[in-house]
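Here is the structure we will look at.
The values are calculated or read from the model by the stated rules, or taken from the named source; none is laboratory data. Everything numeric here is computed off the predicted structure, so don't read it as measured data. For neighbour counting, all protein chains shown are included, and Cβ atoms are generated from backbone atoms with ideal geometry for every residue, glycine included. Note: accessible area is taken over every heavy atom of the protein model, side chains too, but ligands, DNA and RNA are not part of it. Shrake-Rupley method; radii C 1.70, N 1.55, O 1.52, S 1.80 Å.
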Amino acid sequence: MRSIRSIVLALFIIPTTLLAQSDQVKTRSYYEDDQLVPRERSVDFTTLNLKVSLEPVEKLVKGEVTHRFKVLRKYLDSIRLDGINMNYKEVKLDGKTAKYTKDTKGINIYFENSPKWDSEHTLTIKYEANPSRGLYFIGWDDTTGTSRKQIWTQGQGIDNRHWIPMYDEKNDKVISEVIVDFDEKFKVLSNGELLKKKALKGGMKQWHYKISKPHPTYLIMLGIGDYAIDTRKSASGVSMDLYYYPDQPEQLEPTYKYSVEMFDFFEKEIGVPYPWKRYSQIPVQNFMYGAMENTTATIFGDFYLVDERSYLDRNYVRVNAHELAHQWFGDMVTARSSAHHWLQESFATHYDLTYQGEAFGKDHFDWARKSANESALRASENDIRPIAHSAAGTSRHYPKGAFVLQMLKYVVGREQFNAGIKYYLEKHAYGNVDSEDLLVAFHERLGYSLDWFWEEWVYKGGEPHYDVSFESSGSKAYFNVKQVHETNDLIGLFKMPIDFLISYKDGSKDRKTIWIEDQSHLVTFDLKGEIDYYLFDPNYHVMKEVSFEKPLEVLKAQAEKAEHMLDRYEAIEQLINMDFEGKDEFLLKRFKEEEFHAIKDEIVNYMVPMLNESSLELVKLAAADEDAAVRNAMLKATYRIPADLEPTYKALLEDRSYNNIELALDLLCFYFPNNRTEYLKLTASERGGRSNNIRAKWLKWSFIEESKEEYIDELKKMSSNRFEFLSRINAAESLKELNYLDEEFLSYLLEATFSFNGRLARPIAGILDYYFEQEEHKRMMISYVSSQNWSDKEFRKVKRFLLP
């Protein structure tokens, strides 16, 4: 049952006698959100000075943190800081030892005398911690020395409290200063400018960083490891430090492609200079997300650290742009509470989509918008929470919110949108905001009252479903538009300007933009020629579900002649589900004439499994397509390989894309077992990307072919903590496909389920379940688990493997 809050729009109490004579009182209803307002605070922290040393083998943090704060309340006897399972060595308030109490979640510090209202104070805490979250020691438990050794942090949402005693919420900002003592063989990165680094005794070095402006505490970061650094400058003179692994210099350029260009683009497009003095990006191993926009110092998963070939399978450009945009949206201007989290993620996604359009072209940008539309519609199948809700979810905070901002740009125009955003950022620079602040900014800067837009797209959820029909009679043509989605207190009718287009056979076009806001609209055109095709909302400017049936010939004309890729794609999508003479030939022709992969992929997915004359030709065309994505779609759509197409697939064993080689190897070894030795010889030197995807597949097929234990041994090693998590998953999957399990491999699987990284722990847990369902493996698993010593935390994970 949905929980809602109703707000009666009345400024005074209306007598019941008048109520009886009047219309029903209008109300506004919204989803309840227990994180609508921020956490209360009694003081305003202004600075945070952290001196820290780290003992990675023991996973120990030794720190001294000094907070400066201002008293916000007239009466105050204590303050509370967050700190998970800390060992406090010393607590001083204004230089004097202070009384305190602690629990597993934090510390309460007591004033000797009630402080004066608005007075300023300092609080210094010496402490130790073994953080289970927030700060991660990578590779120090690998006794073989194979893994990279790193230390890095991930503070969002509220995990920095695991290694720093602090007020760990987004509604307070500090100027942070971080001083780190660590082994001189490693480089250390933190927020802001590097003020000083100096040698210490015993092979140690001290790194001293300080940020120039207040920022939220969840963005305080550390990144430590063995790195090389390439420094570049933006057009405005901002230094950009690009970290990479010194043993893999070939990955620098492909990884950081467009980095300077997007920086310059954002400063111009957003209209506000980069809000900090320096910007760094650092890759880390086993990162549990894509990246994190720590102020001035983005951390990203090293699976985005790619060479020229890996770039074809996965590149960092989108994520790079997303995290850079956060330096304005989230880092400089921060949501006051989680209910307004969209103001960070939706904006970062919007600008990363915008830059993708700059880097990769309009079709790429439009396809990303369509994907956002589909993601939002899927989310609404479960609930209709709005984007301005703490539990809106990834699909709404990221792609839907980005599309909503694009629609706002569509409504007010790009230049006015940019002016409104510039005003909003400058007004709230280095402060906290909520959704209303953005609305007010547009009103103050442009004079628009956009409450209607906020009401339907920000504060309420769901999307419009338009049922559209078209007919022509004599010299007139009519679009009949109905809003057919369910309406209730939480979703109403939508008001949006929508384009209508009629294209004539002579190539001319007739367009109208109509505000659609009622349940039913009739849009009339005076015809100017013979109709070829017609479009409702060409190029998908409005987020929606649409039902619009069209005749075959109209769809064919739309597929061939529509200006925008999305409109041609829509026609192809519908044509694939229709039966008509010459269908395969028509689709094959469209494949040859289209350039963007999405339309080609749609045709490939339909035709390749058919194995008729047209599809066989299509396989050869797709295999030779210059776009790796099209070749990949063809391989994924393959269910059988005729003998005469074996050379076509074999040629893909030399593809530039690692993913495509992996798929081709798997298919060929399965369908042509007599040729396995040849295929394996051709790919013996290929490892794949950082995930060793080709090598894991090669080892599986080599074992099937030759039954050599050395292949099993290499897979087992790859599944251990010597390797990053994607390699571990690939190796484990190959061993699963071989249905191989011994105690060594089992120990690696169980250890993986203890990982903080759910992207490792979850798939490995699924593999363990697969083995446990088989009697031949279950007994060994029970015996092994029962014979080991487990910590309480580990035992909670493994106890399910103790019962038959």
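At a glance:
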quantity: Residue tally, condition open to solvent by less than 30 Å² (accessible area, probe 1.4 Å), free of Cβ contacts under 8 Å to residues at least 60 places away in the same chain and outside any strand (DSSP E or B), over segment 112-151; calculated: 3
quantity: Matching residues in segment 315-342 - criterion: being open to solvent by 10 Å² or more (accessible area, probe 1.4 Å), farther than 24 Å from Tyr459 by Cα and outside any helix (DSSP H, G or I); calculated: Asn315
quantity: Residue in segment 225-244 that is in a helix (DSSP H, G or I) and surrounded by 18 or more Cβ atoms within 10 Å (Cβ to Cβ) present; calculated: no
quantity: Of the criteria (1) in contact with an Asp or Glu (Cβ under 6 Å, 6 or more places away or on another chain); (2) of a type in the set (Gly, Ala, Ser); (3) more than 28 Å from Asp307 (Cβ to Cβ), which one Ala643 fails; calculated: (1)
quantity: Residues that are within 30 Å of Arg722 (Cα to Cα) and open to solvent by 70 Å² or more (accessible area, probe 1.4 Å), drawn from segment 84-111; calculated: Asn85
quantity: Residues of segment 386-410 that turn out to be surrounded by 19 or more Cβ atoms within 10 Å (Cβ to Cβ), among the aliphatic types (A, V, I, L, M) and more than 18 Å from the chain's Cα centre (by Cα), as a count; calculated: 1
quantity: Residue within segment 694-704 that is in contact (Cβ under 8 Å) with a residue 40 or more places away in the chain and either part of a helix (DSSP H, G or I) or among the β-branched types (Val, Ile, Thr) (or both) present; calculated: no
quantity: Residues that are out of contact with any Pro (no Cβ under 9 Å at 6 or more places or on another chain) and either farther than 23 Å from Thr153 by Cα or open to solvent by 70 Å² or more (accessible area, probe 1.4 Å) (or both), drawn from segment 61-76; calculated: Lys62, Arg68, Phe69, Lys70, Leu72, Arg73, Lys74, Tyr75
quantity: Checking Asp537 against (1) at negative phi; (2) open to solvent by less than 50 Å² (accessible area, probe 1.4 Å); (3) of a type in the set (Asp, Glu), the condition it does not meet; calculated: (1)
quantity: Test: residue in segment 20-34 that is modelled with pLDDT of 95 or more and over 41 Å from the mean Cα position of the chain (by Cα); calculated: no
quantity: Residue check, Thr648 over 26 Å from Val306 (Cβ atoms), surrounded by fewer than 16 Cβ atoms within 10 Å (Cβ to Cβ) and of a type in the set (Ser, Thr, Tyr); calculated: no
quantity: Contacts under 8 angstrom Cβ, first residue in segment 652-676 being more than 17 Å from Ser727 (Cα to Cα) and among the basic types (Lys, Arg), partner part of a helix (DSSP H, G or I) and open to solvent by 30 Å² or more (accessible area, probe 1.4 Å), 6 or more apart; calculated: Arg656/Leu312; Arg676/Ile704; Arg676/Glu705
quantity: Residue match in segment 779-796 (condition: closer than 30 Å to Gly134 by Cα, within 27 Å of the chain's Cα centre (by Cα) and open to solvent by less than 50 Å² (accessible area, probe 1.4 Å)); calculated: no
